[in-house]
Amino acid sequence: MDYYAVNAGEVAAELNTNVCRGLTRAQAQRRLSEDGENKLAEKKKSNVFVRFLMQFRDFMVITLLIAAAISFATARLEDNGSYIDPIIILVIVIVNAIVGVVQESRAERALDKLKELSAPDATVLRDGEVQKLPASSIVRGDVLLLSTGDRVAADARLIESVGLKMNESSLTGEALPVVKSASARLEASTPLAERSNCIYAASTVLAGHARAIVTHTAMDTQIGRIADMLGKEKVPLTPLQLRLEKISKVLGLGAIGICAVVFLLGVLRHDGLLNSFMLSVSLAVAAIPEGLPAVVTIVLSSGVSVMAKNKAIIRRLTAVEALGSATYICSDKTGTLTQNKMTVSRLFSAYGETAINSDEGRKILRTAALCCNATATRGEPTEVAVVSAAGGVDLNAVRLDEEPFSSEKKMMSVTVRLGEETLTVVKGAPEKVLAMCRFSGNAYVFNDRMADEGLRVLAVAVRQADAFDFVGLIGIEDPERKEAAQAVALCKQAGITPVMITGDNPRTAAAIAVRLGITEKGRPAVTGAKLDMLSDSELCETVKKERVFARVSPEHKVRIVKALRANGEVTAMTGDGVNDAPALKAADIGCAMGKCGTQVAKGAADIVLADDNFATIVRAVREGRGIYDNIRKVIHFLLSSNIGEIILVFVAGLIGMPAPMLPIQLLWTNLVTDSLPAMALGTEKTDSDIMNRPPVDPKKGLFSKGGWLDIALEGVFIGALALLGFAVGCSLWGVQVGRTVCFCTMSIGELVHALNSRSERSLFRIGWFSNRRMNLAFVVCILLQVGVVMLDGAARLFGVVPLSGIQWLLVAALCAALPVAVEISKALKA
């Protein structure tokens with residue numbers, strides 16, 4: 001039954017309760033047994049150890065674990081085997097798993113925060129007696145007694161109400177008080193935000209008192225439905241995670257395939273099972289970029305600190321780059337695009353518009369202020385706006401009588417004494433107040449004009465003798481943030497589509513969206529009622545065209561987000577209320593408000609905006625794009641380097657040469673002389689024109705437009721240079737020197753290649769030494785590499801010998817060929 005669409009008597013009959021005496025104790029006990037306690041259901045949580053183990057499902061992680069196991073086995077087989085390789089790999093994997101568990105734990109806190117909103121107790125009628133009971137024992141049919149300050153324990157239909165105003169911001173997202181009336185008659189199609197004869201769990205009584213019949217408890221309440229959605233929604237993988245997953249599978253399967261081929265070739269050549277196995281292990285170590293997960297985590301972490309300075313607090317690491325891929329930003333209106341501060345913006349007398357600071361304007365405002373129960377800083381927001389604009393209430397006025405606002409009359413009146421004069425002032429809905437006035441001029445026209453502009457309009461009149469005289473119309477709005485329009489324009493310039501999704505009035509939403517440039521004039525907002533009539537496929541088509549959605553429920557927000565994602569869009573969603581939490585979790589990037597946001601919204605979000613500002617999201621998108629670019633450079637560098645190692649080991653094995661590099665040497669190259677410059681690559685400055693580019697197409701791979709070919713060719717060239725160094729070294733000075741020359745050529749060559757990877761443009765244009773962290777990484781890695789070769793203990797550990805001056809010159813010449821080749825390639829493509 002739609003309890004809001006029938007009268008209170010029918011509700012009482014349906015729920016078999018007595019509006020005067022409430023339920024009997026026996027009825028209440030029976031229903032408690034049938035329906036269960038009035039509590040939000042708790043989802044069974046996995047313990048920390050199980051969640052830790054679940055982090056090892058990733059294909060790259062599985063591949064690393066296999067590599068560690070093989071390295072451990074070979075260390076056992078060799079006489080002087082080293083366990084450093086498997087230990088380092090395991091440390092990397094474990095650290096990444098711990099980071100994953102911490103992030104999951106943060107996400108689960110949203111449901112815990114939602115439970116904190118539940119009322120601790122409730123006042124009810126049972127057997128005709130007023131009783132205060134734990135909220136968990138409330139059942140359907142209970143008669144609630146509510147007064148100012150109470151938090152509602154369950155969804156209920158009002159039986160009677162006096163001056164009742166509710167705060168339903170946790171459900172609707174709108175902070176303005178909601179006037180409720182037990183006598184309101186509503187249609188079955190009335191949206192949640194307009195059901196004025198019902199009250200909902202977790203909402204708060206701001207003023208008045210009431211009696212209501214409980215209609216829904218626990219998970220059947222509106223807040224319970226939100227909890228259910230929040231529990232079911234899974235955090236989607238970001239574009240980078242999806243792409244890395246694909247790369248991991250390709251690398252893992254490719255490594256297994258190549259290792260199998262090399263092992264088989266060794267057996268066929270009668271190299272012996274152990275030698276063939278050791279060669280294939282070397283290839284496995286070369287094929288897998290062991291440092292990639294750690295480097296990506298570190299690069300994302302550096303982005304966290306940068307974004308924090310821009311007032312965007314990151315709660316989930318991968319959201320950093322996901323922002324850079326965003327194609328849609330769905331924003332709430334109140335407080336994000338607007339200032340969340342009601343302000344008087346226009347005034348009309350009977351004859352036309354008047355300035356706020358004119359004599360006529362001050363008269364309208366001061367008269368209206370007499371009929372307000374607020375101060376300039378505290379009270380109902382629209383009244384605060386009026387009193388603030390009026391400069392306060394006349395302190396000489398003595399209030400003699402008051403008739404409070406009611407949803408039936410839609411106005412309030414006061415009688416005051418000002419000196420020798422007694423006045424009756426009326427303030428309220430224009431259609432009600434103007435109908436009482438004997439003359440109002442063009443007030444109806446002015447009212448329609450302001451309403452079309454999305455303003456909330458109040459009419460003011462003063463009683464003279466037996467009739468009311470019209471004083472003026474007051475247009476009040478929550479003005480847009482100064483920087484919002486510019487941020488919207490920058491979004492469009494960057495190829496990102498801004499969308500407004502709000503629980504507010506459709507006319508107000510459309511008017512503000514037009515002024516901000518989100519939509520064009522004359523295009524109405526799509527309401528929640530219309531969304532209910534659309535199938536999922538129809539909604540997917542609708543979200544392609546529409547830019548403003550108003551009077552929407554939490555379910556509508558989730559549907560809109562899912563429709564956009566079904567269309568292949570990477571979607572960012574902003575919100576502050578409990579009602580926003582499911583959509584924040586369902587979006588690719590959930591952005592909660594830091595100032596006015598609820599703890600539930602913050603718990604479900606990936607990013608918290610410290611200043612509640614839409615412009616902050618746009619700045620974060622810019623940083624996200626820069627970080628995505630840098631991660632792409634890191635992966636380009638690491639993959640091309642690993643391909644070089646694969647080519648080196650594979651070709652040497654294919655043509656019957658000794659192993660050019662030992663597994664420990666390959667691991668050193670991957671984890672030290674690759675990882676340090678890779679981290680430095682992650683700190684490259686964001687390109688100045690990055691917001692002039694369209695977003696990264698989520699349907700395309702990480703590297704397009706010949707990117708994979710560049711990686712392969714660069715890898716082949718690196719491998720060829722190292723193999724040439726090995727061949728020359730072996731022929732002139734023997735295998736051990738040849739292996740050392742090869743090791744140094746590979747390590748230092750990859751360091752030089754890190755410089756190449758800084759930009760697709762020439763290094764002469766961006767500056768060879770413009771990245772200080774890269775300069776430091778380069779010098780440190782050179783010193784470490786020289787130390788490994790020239791220090792006796794390290795040389796024995798790594799199986800190398802000190803090199804002479806001529807041999808170092810050979811290494812330098814081979815490494816210098818790499819930037820020359822890459823610069824020629826860049827020049828040809830420019």
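Odds and ends about this structure:
- The residue that is most open to solvent (accessible area, probe 1.4 Å), counting only those in region 700-733 that are farther than 22 Å from residue 809 by Cα and of a type in the set (Phe, Trp, Tyr), is 708.
- Test: residue in region 807-820 that is open to solvent by 10 Å² or more (accessible area, probe 1.4 Å), β-branched (Val, Ile, Thr) and assigned to a helix (DSSP H, G or I): yes
- Qualifying residue in region 591-606 (condition: within 22 Å of residue 195 (Cβ to Cβ), open to solvent by less than 50 Å² (accessible area, probe 1.4 Å), at pLDDT below 90 and among the acidic types (Asp, Glu)): no
- Boolean, residue 407 is part of a strand (DSSP E or B) and either of a type in the set (S, T, N, Q) or free of Cβ contacts under 8 Å to residues at least 40 places away in the same chain (or both): no
- Residue 206 satisfies every condition listed in (1) aliphatic (A, V, I, L, M); (2) buried (at least 20 other Cβ atoms within 10 Å of the Cβ); (3) in contact with a strand residue (DSSP E or B) (Cβ under 6 Å, 6 or more places away or on another chain) except (2).
- Residues of region 802-821 satisfying the condition of being in contact with a Gly (Cβ under 9 Å, 6 or more places away or on another chain) and among the β-branched types (Val, Ile, Thr): 811
- Restricting attention to region 254-284 and to residues that are at pLDDT 75 or above and surrounded by 20 or more Cβ atoms within 10 Å (Cβ to Cβ), the residue that is nearest to the chain's Cα centre (by Cα) turns out to be 259.
- Any hit, region 569-590, residues being open to solvent by 10 Å² or more (accessible area, probe 1.4 Å) and more than 28 Å from residue 292 (Cα to Cα): yes
Let's see how each residue does on (1) farther than 20 Å from residue 225 by Cβ; (2) modelled with pLDDT under 80; (3) surrounded by 24 or more Cβ atoms within 10 Å (Cβ to Cβ):
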position: 119; (1), (2), (3): no, yes, no
position: 153; (1), (2), (3): no, no, yes
position: 156; (1), (2), (3): no, no, yes
position: 164; (1), (2), (3): yes, no, yes
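- Residue in region 516-536 that is out of contact with any Pro (no Cβ under 7 Å at 6 or more places or on another chain), open to solvent by less than 10 Å² (accessible area, probe 1.4 Å) and assigned to a loop (DSSP other than H, G, I, E, B) present: no
- Hits in region 431-449 - residues which are over 41 Å from the mean Cα position of the chain (by Cα) and either crowded, with 17+ Cβ neighbours inside 10 Å or part of a helix (DSSP H, G or I) (or both): 431, 432, 433, 434, 435, 436, 437, 440, 443, 444, 445, 446
- Only residues that are surrounded by 11 or more Cβ atoms within 10 Å (Cβ to Cβ), polar (S, T, N, Q) and modelled with pLDDT under 80 were counted in region 36-50, giving 1.
- Residue tally, condition buried (at least 18 other Cβ atoms within 10 Å of the Cβ) and over 30 Å from residue 829 (Cα atoms), over region 734-769: 8
- Hey, residue 74 modelled with pLDDT of 75 or more and surrounded by 14 or more Cβ atoms within 10 Å (Cβ to Cβ) or not: no
- Of all residues in region 555-568, those being more than 22 Å from residue 529 (Cβ to Cβ) and open to solvent by less than 10 Å² (accessible area, probe 1.4 Å) number 0.
- The set of residues in region 770-797 being closer than 28 Å to residue 712 by Cβ, open to solvent by less than 40 Å² (accessible area, probe 1.4 Å) and modelled with pLDDT of 90 or more consists of 774, 777, 781, 785.
The values are calculated or read from the model by the stated rules, or taken from the named source; none is laboratory data. Computed from a predicted structure; not experimentally measured. Glycine also receives a Cβ, built like all others from the backbone with ideal geometry; neighbour counts cover every protein chain displayed. Calculation scope for accessible area: heavy atoms of the full protein, side chains included, ligands and nucleic acids excluded. Shrake-Rupley method; radii C 1.70, N 1.55, O 1.52, S 1.80 Å.
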